[in-house]
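The values are calculated or read from the model by the stated rules, or taken from the named source; none is laboratory data. Model, not experiment: these values are computed from the prediction. Only protein heavy atoms, including side chains, enter the accessible area calculation; ligands, DNA and RNA are left aside. Shrake-Rupley method; radii C 1.70, N 1.55, O 1.52, S 1.80 Å.
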Amino acid sequence: MNRSSQDTGSRGLPEDRKLYAVDSINDLNRLNLCPAGSQHLFPLEEKIPADGSNSGNGSHGLFLVGLIIVLIVSLALVSFVIFLIVQTGNKMEDVSRRLAAEGKDIADLKKMNSIIVKRLNQLDLERN
């Protein structure tokens, strides 16, 4: 009867936790059978390992999540830099086209200026 109560209580526990559950049941039995001051019982916190003792998996998971976040941020920054390079190239092409068009306009203006100056010189010679 005592065995069946221990078995039913430990079915839902993992293998490493079954021992702690049995120890706790034994401590309760001793507490009921022995006088209060005759035996020193360990608190439950000392028998169950702390979460930090099995935190290797958690720290690996945290490291993996951090690494994934860093990679995503790096990918976003690289994509943004590539976008800026493409946009700068497009703007430079526009500026060079405008400069070429303005250069042609300036050359046309110089030709027209020279024609006007020649015509004015001819008119000035005809008057004199």
message: Report the rotationally averaged projected area of segment 55-123 based on its alpha-carbon convex hull, in square nanometres.
response: 5.2
field: Tensor-based shape of segment 87-128 (alpha-carbon gyration tensor, a/c under 1.5 rounded, otherwise prolate or oblate)
entry: prolate
- prompt: Counting only heavy atoms of protein chains, what accessible area per residue, in Å², does segment 65-128 have with a probe of 1.4 Å?
  reply: 94
- prompt: Which ³J(HN,Hα) values, rounded to whole Hz and listed in residue order, are derived for segment 60-68 from phi using the Karplus coefficients 6.51, -1.76 and 1.60 in 6.51 cos²θ - 1.76 cosθ + 1.60 with θ = phi - 60°, glycine and proline given as x?
  reply: 5, x, 5, 4, 5, 5, x, 5, 5
